[in-house]
1. So what's the gap between the Cα centers of the stretch 1-59 and the stretch 87-109, to the nearest angstrom?
2. Straight-line reach from K11: which lysines fall under 18 Å, measuring Cα to Cα and dropping same-chain residues less than 8 apart?
3. Return the loop-located GluC sites (Glu not before Pro) in the stretch 19-72 (DSSP other than H, G, I, E, B) with at most 13 other Cβ atoms within 10 Å of their own Cβ; answer none if there are none.
4. Restricting to bridges with both residues inside the chain, how much of the DSSP beta-bridge set is antiparallel, in percent to the nearest 5?
5. Over the stretch 1-77, with every protein chain in place, what whole percent of the accessible area is carbon and sulfur at 1.4 Å, could you tell me?
6. What is the helix-to-structure angle for 72-90, meaning the angle in degrees between its Cα long axis and the longest Cα principal axis of the chain, kept from 0 to 90 and rounded to the nearest 10?
7. For K7, which aspartates and glutamates qualify as cross-link partners when the Cα separation must be under 14 Å and same-chain residues fewer than eight apart are set aside?
8. Ignoring ligands, DNA and RNA, how do L49, L24 rank by accessible area with a 1.4 Å probe, largest first?
Amino acid sequence: MPYIEAKMSIKLDERQKDDLQKKLTGAVSAAFGKPKAYIMVCIEDDKSLYMGERKLEKGAYIAIRLLGSASKSACQGLTSEICDILQSDYGINGANVYITYHPADLWGWNGDMF
């Protein structure tokens, strides 16, 4: 916890995936005060993403699931940071990015509950 799921319309090589994973992990850790060791990331590239019935050549959907809740201001700051990362490193305009936040009260790990 947290779990970050990134769906990208662009194709990424392994180095780019590793780099994105590190940047997303660092941003989420800083925004919510969660240890990096407990953050799981899934990156799916080369996905067909559509917005307003048009196919996005460069677009992304990021879902962040976390134990407990988060303030709107923390989510706002993280949204801005993620959009900056996607724009500067992958040329993905923030207008083609959706980021959702999913708080959870129940979270299991290693045969037990947090």
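The values are calculated or read from the model by the stated rules, or taken from the named source; none is laboratory data. All figures in this text were calculated on a predicted structure; none of them were measured in a lab. So basically every Cβ, Gly included, is an ideal-geometry build from the backbone, and we count neighbours across all protein chains shown. Protein only, heavy atoms only, side chains kept; ligands, DNA and RNA dropped before computing areas. Shrake-Rupley method; radii C 1.70, N 1.55, O 1.52, S 1.80 Å.
1. Taking the Cα centre of each part, the stretch 1-59 and the stretch 87-109 sit 7 Å apart.
2. The reachable lysines, counting only those whose Cα sits under 18 Å from K11, are K22, K23, K47, K55, K58.
3. Details: sites: E44, E53, E57; in loops: E53, E57.
The qualifying sites are E53, E57.
4. Values: 11 of 24 bridges.
Around 45 percent antiparallel, to the nearest 5.
5. Details: 2090 of 4310 Å².
Ligands and nucleic acids excluded, carbon and sulfur reach 48 percent.
6. 40 degrees
7. Candidates past the 8-residue exclusion: E44, D45, D46, E57.
8. Values: L49 35, L24 0 Å².
Listed by decreasing accessible area, they come as L49, L24.
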